1. For the chain, what is the accessible area per residue in Å², given a 1.4 Å probe and the full set of protein chains?
2. Note the full-extension length gain between residue 161 and residue 144 as 0.36 nm times their separation in residues minus their Cα-Cα distance, in nm to one decimal.
3. Not counting the cut sites, what is the longest span of the chain without GluC sites (Glu not before Pro) that DSSP labels loop and that have at most 14 other Cβ atoms within 10 Å?
4. Segment 77-135: which chymotrypsin sites (Phe, Trp or Tyr not before Pro) are DSSP loop and have at most 16 other beta-carbon atoms within 10 angstrom?
5. Between helix 21-41 and the chain, what is the angle of the helix's C-alpha long axis to the longest principal axis, kept within 0 to 90° and rounded to the nearest 10?
6. Enter the angle in degrees (range 0 to 90, nearest 10) between the Cα long axis of helix 78-93 and the first principal axis of the Cα atoms of the chain, meaning the one along which they spread out most.
7. FRET efficiency for residue 43 and residue 97, Cβ-Cβ distance as r, R0 = 35 Å, nearest 0.05?
8. Taking the Cα atoms only, what angle lies between the long axis of helix 211-231 and the longest principal axis of the chain, rounded to 10 degrees?
Amino acid sequence: MEGGFGPNIVFTLPGGIPVTETVTTTWIIMAGLIIISYLATRNFEKIPKGMQNFIELVVDGIYSLTGQTMGDDKIGFAPYIGTIMLFIACANLSGLLGFRPPTADVNTTLGLSLITFCMIHGFGMKSKGVGTYLKGFTEPFVVMTPLNVIGELATPVSLAFRLFGNIVGGVIIMSLLYGALGAFSTKLGISIPILQAAIPAPFHLYFDLFSGILQSFIFTMLTMVFVSMAMD
């Protein structure tokens, strides 16, 4: 969708394939994370110091969170959990740099939710066996099977729209705020955007910083809980 509150089309690939702000910002975030990861880890030493101390603290925190939430037997999920948490956090916080957050596009949040959905059922069947896992949909009574299936299908939808709704809500509110301040400045005859520079700052702190980090944590925690429950 182009214009309005949807992501604009940045350019079009040969064949008429549109590339939106969501895609280009995601590329920028991915490239940034890859470059930072390479530069920050290329000179690790046996005795940590400086940046290495911070990186090891973050990694230890992710492994500890994964172990406490999913159990020590599922600590192998920590690299994925850390990756998804960092990506969503950076995507949510990209609004502070003037980008449109990729998570304000339901295509991004639905894609992330479908990964979680596949992990839930894939690792559930791997842990319990296909037959035993599918039998769980008939509990506590066989007649409950359709409701159990619908409940499982609702999981990725609820995950996607929870994250999307919170982020796009902030984008809409900030757009309306900037528009209102711009109109008010015009009525006052102010040519320099003083109001737009000062007044939105505390709103950015909430919608971009606090809410962005909180929503990345919630999505990650729900992913760990759902996968862990499917495997136990």
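1. Numbers: 13560 Å² over 232 residues.
Here the per-residue accessible area is 58 Å².
2. Fully extending the segment from residue 161 to residue 144 adds 3.5 nm.
3. For GluC sites (Glu not before Pro) (loop position, at most 14 other Cβ atoms within 10 Å), the longest site-free span of the chain is 46-232.
4. Of the chymotrypsin sites (Phe, Trp or Tyr not before Pro), not one in the loops of segment 77-135 has a Cβ with at most 16 other Cβ atoms within 10 Å.
5. Approximately 70 degrees, to the nearest 10.
6. The helix 78-93 is inclined about 20 degrees to the chain.
7. Efficiency, from the Cβ-Cβ distance: 0.80.
8. For 211-231 against the chain, the angle is about 10 degrees.
The values are calculated or read from the model by the stated rules, or taken from the named source; none is laboratory data. Keep in mind that this is a model prediction, so the values were computed, not measured. As a convention, Cβ positions derive from the backbone with ideal geometry for all residues, glycine included, and neighbour counts pool all protein chains shown. Calculation scope for accessible area: heavy atoms of the full protein, side chains included, ligands and nucleic acids excluded. Shrake-Rupley method; radii C 1.70, N 1.55, O 1.52, S 1.80 Å.
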